[in-house]
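I have placed the structure first, in the form of structure tokens, so that the comments after it can refer back to it.
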Amino acid sequence: MPEHAEPDDLSAHVIRVIAQTQRIPQESISVDSTFEELKIDSLDGINIIFAIENEFGLNIPDEGVQNMRSIRDTVEGVRRLLAEQKQAVPPGAA
Amino acid sequence: MNRVAVTGLGLVCALGNNVSECWTRLTAGETGIRQLRDPGSPPYKFQVGAEAWYFDAAEHFSEKDLLMLERFAQLAVVAAREAILQSGLSFDGELADRFAVITGSSVGGQFSEEEGYRRLYRENMPRVGPLTIPRTMSNAGASRITLEFGIHGPAYTVSTACSSSNHAIGQAFWMIRSGQVTAALAGGSEAVFAEGLIRAWEAMRVVSPDVCRPFSADRRGLSLGEGAGMVVLENWEHARARGAEILGEIAGFGMSSDAHHITQPCAEGAVKAMRWALKDGQVAPEEIGYINAHGTGTQANDVTETQAIRAVFSENADRLLVSSTKSMHGHTLGAAGAIEAAATLLALKHGVIPPTANFTCPDPACNLNVVANQPCAARIDAALSNTFAFGGLNATLVMRRSENGRI
């Protein structure tokens, strides 16, 4: 068994998107992996962000991208943005 | 001034994935112009073209590589690998800094650009793929080649429509001749069968609904083709010193601009390019035995080119063998000069002139000694290859035969 914690649903989803984008096996990625370990460079990074934005319907701000250096950073960033999106009052709802 | 040897060739086009396959089909007079794989919806006005039928990118690149490389860049890299492998050059010493990479491309990565527009304008998606810029840039092939081989010398891409790769080869030739670099990879690539670009060519009304028939009375226009051609050029003494096989020699290069019309050719510009190339190479017109013509198969080009050749070669024009290999590999735009330079060098080396395929009927307005349909054995010492681009930009190369380093 790998030493890292089992990924929750969101982590697994993010890992799946990254694996598809990077053309690498899903099993090679854990929530504890860093981009450096996975040989994900800055250009790969923007490609991954693009895929995640499309997959989750998010708009990830440029400054948020700078802080994503690992799978965990990415999953937590996505989790936060999804929560913010949920809290936001939908246009026309009032 | 240094002499400039050719020590490597690479080809990918409708006729095959390497020099050997392409040369076999070129000398068989076999045309690679066939029914397009995608007929378009609604159907394109022309349904034939010279796709790189045998090319499978997955055989040459990892999935990860393919994310970054557009088709035109893939073609460039595969042809470059063949040419560099044949040259036997490696870049682990100081040659890395003294080696240039100069490629030509008319339009760069059209597929990614069109994909971006499709998302924006058809699907109303506000975001375009983040690799669009590195995939579409016209220097994507040149850059990948430098990365793959660890080449640190001058590298850039020339874009002059259908003359792009003759300009690239000519520039590399001059850089070696003047001593700026020791050797260079030069050529070009193009991948033209993207929907928007096909529609743009359709609107120009210069593409034949039939196969292209250069210099033939019943010609109806050009046939588009995709592919890449690369040559390794090298300082003659450097090549001799390391015992490399010298496949031929680039002897002269000439350029001109018509300053006449954005699309209509004019004979004077073509005459100037050929004359400058001969003068540059100190080659007399009577030494030239073969011309690989621009020969697009349009009404205008073939008549104008005939007039230009007659003006430059006067009484020698009747003796000159002329063919347009575009009848087989199609008009590959930014790759045309390089593919045709390779065909010309191979013709000199093997003593066989590849024919103008699909030729049915002589045209009095194109009264050249056209090698029609069948190859012709001819041991010749020097040849020209012409490219005349939209925008009136002309570039001509002069090449010489070599017998393993001896002329």
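The values are calculated or read from the model by the stated rules, or taken from the named source; none is laboratory data. Because the structure is predicted, anything quoted here is derived from the model rather than measured. Please note: Cβ atoms are built from the backbone with ideal geometry, for glycine as well, and neighbour counts cover all protein chains shown.
Looking across region B:354-381, just one residue is buried (at least 19 other Cβ atoms within 10 Å of the Cβ) and under 17 Å from B:Val19 (Cβ atoms), and that is B:Pro354.
Filter region B:81-110 down to residues that are hydroxyl-bearing (Ser, Thr, Tyr) and under 18 Å from the mean Cα position of the chain (by Cα) and give me whichever is farthest from B:Thr182 (Cα to Cα).
Here is the first cut: in region B:81-110, the residues hydroxyl-bearing (Ser, Thr, Tyr) are B:87, B:90, B:103, B:105-106.
Then keep just the ones that are under 18 Å from the mean Cα position of the chain (by Cα); that gives B:103, B:105-106.
Working: B:Thr103: 17, B:Ser105: 24, B:Ser106: 27 Å.
By that ranking, first place goes to B:Ser106.
A count restricted to region B:1-36 and to residues that are within 24 Å of B:Gly170 (Cα to Cα) and part of a strand (DSSP E or B) stands at 10.
Out of B:Ala342, B:Ala335, B:Ala389, B:Ala317, report the one residue that is of a type in the set (Gly, Ala, Ser) and either outside the structural domain of B:His261 (by TED's automatic domain parsing) or over 26 Å from B:Val12 (Cα atoms) (or both).
On the way: B:Ala342 fails: either outside the structural domain of B:His261 (by TED's automatic domain parsing) or over 26 Å from B:Val12 (Cα atoms) (or both); B:Ala335 fails: either outside the structural domain of B:His261 (by TED's automatic domain parsing) or over 26 Å from B:Val12 (Cα atoms) (or both); B:Ala389 fails: either outside the structural domain of B:His261 (by TED's automatic domain parsing) or over 26 Å from B:Val12 (Cα atoms) (or both).
None of the other options fit; the residue is B:Ala317.
State which residue is surrounded by the most Cβ atoms within 10 Å (Cβ to Cβ) when the search covers only region B:1-47 and only residues that are among the hydrophobic types (A, V, I, L, M, F, W, C) and touching a Lys or Arg at 6+ places or on another chain (Cβ under 6 Å). It would help to see each step written out before you state the result.
Quick first cut of region B:1-47, residues among the hydrophobic types (A, V, I, L, M, F, W, C) only: B:1, B:4-6, B:9, B:11-15, B:19, B:22-23, B:26, B:28, B:33, B:36, B:46.
From the residues that got through so far, the ones that are touching a Lys or Arg at 6+ places or on another chain (Cβ under 6 Å) too are B:1, B:4, B:15.
Numbers: B:Met1: 8, B:Val4: 24, B:Leu15: 29.
Looking at residues that are among the hydrophobic types (A, V, I, L, M, F, W, C) and touching a Lys or Arg at 6+ places or on another chain (Cβ under 6 Å), I get B:Leu15.
Give me a count of the residues in region B:53-74 that are within 18 Å of the chain's Cα centre (by Cα) and part of a loop (DSSP other than H, G, I, E, B). So that I can check it myself, show each step before the final result.
So in region B:53-74, the residues within 18 Å of the chain's Cα centre (by Cα) come out as B:53, B:55, B:71-74.
Those still in the list that are part of a loop (DSSP other than H, G, I, E, B) too: B:53, B:55.
Residues meeting the conditions: 2.
With respect to B:Gly243, determine if the residue is free of Cβ contacts under 8 Å to residues at least 12 places away in the same chain, out of contact with any Leu (no Cβ under 8 Å at 6 or more places or on another chain) and surrounded by fewer than 23 Cβ atoms within 10 Å (Cβ to Cβ). Yes: the conditions hold for B:Gly243.
Considering only region B:179-215, state which residues are assigned to a loop (DSSP other than H, G, I, E, B) and free of Cβ contacts under 8 Å to residues at least 24 places away in the same chain. Write out each step before concluding.
Keep residues of region B:179-215 that are assigned to a loop (DSSP other than H, G, I, E, B), which gives B:179-182, B:191-194, B:205-206, B:208-215.
Matches in region B:179-215: B:Arg205 only.
When region B:67-115 is examined, which residues are found to be at positive phi and crowded, with 23+ Cβ neighbours inside 10 Å? Residue satisfying the conditions is B:Gly108 alone.
Among the residues of region B:226-257, those identified as within 17 Å of B:Ala186 (Cα to Cα) and assigned to a helix (DSSP H, G or I) are B:Trp236, B:Ala239. Take the conditions (1) within 21 Å of B:Ser223 (Cα to Cα); (2) more than 19 Å from the chain's Cα centre (by Cα); (3) of a type outside the set (Ser, Thr, Tyr); B:Arg3 misses just one of them, which is (1).
Return yes when B:Leu85 is within 14 Å of another protein chain (Cβ to nearest Cβ), touching a residue at least 40 places away in the same chain (Cβ under 8 Å) and more than 19 Å from B:Ile198 (Cβ to Cβ) and no when it is not. Spelling it out, it is not the case that B:Leu85 is within 14 Å of another protein chain (Cβ to nearest Cβ), touching a residue at least 40 places away in the same chain (Cβ under 8 Å) and more than 19 Å from B:Ile198 (Cβ to Cβ).
Take the residues in region B:135-152 that are surrounded by 21 or more Cβ atoms within 10 Å (Cβ to Cβ) and touching a helix residue (DSSP H, G or I) at 6+ places or on another chain (Cβ under 7 Å), then tell me which one is nearest to A:Leu43 (Cα to Cα). Among residues in region B:135-152 that are surrounded by 21 or more Cβ atoms within 10 Å (Cβ to Cβ) and touching a helix residue (DSSP H, G or I) at 6+ places or on another chain (Cβ under 7 Å), the one nearest to A:Leu43 (Cα to Cα) is B:Arg135. Can you find, within region B:44-70, the residue that is nearest to the other protein chains (Cβ to nearest Cβ) among those that are out of contact with any helix residue (DSSP H, G or I) (no Cβ under 8 Å at 6 or more places or on another chain) and more than 16 Å from B:Leu224 (Cα to Cα)? Across region B:44-70, the extreme among qualifying residues is B:Glu63. Of the numbered criteria (1) more than 27 Å from B:Leu89 (Cβ to Cβ); (2) within 13 Å of chain A (Cβ to nearest Cβ), the one B:Thr136 fails is (2). Residues in region B:118-132 that are of a type in the set (Ser, Thr, Tyr) and either closer than 23 Å to B:Gly229 by Cβ or surrounded by 14 or more Cβ atoms within 10 Å (Cβ to Cβ) (or both): B:Thr132 only.
In region B:154-173, is there at least one residue being within 13 Å of chain A (Cβ to nearest Cβ) and either more than 22 Å from B:Leu69 (Cβ to Cβ) or of a type in the set (Phe, Trp, Tyr) (or both)? Show your work before the answer.
Going residue by residue through region B:154-173, those that are within 13 Å of chain A (Cβ to nearest Cβ) are none.
No.
When restricted to residues that are buried (at least 24 other Cβ atoms within 10 Å of the Cβ) and closer than 20 Å to B:Thr182 by Cβ, region B:153-169 contains 2. Of the residues making up region B:99-118, one or more are under 30 Å from A:Glu55 (Cβ atoms), touching a Gly at 6+ places or on another chain (Cβ under 6 Å) and in the same structural domain as B:Ala194 (by TED's automatic domain parsing).
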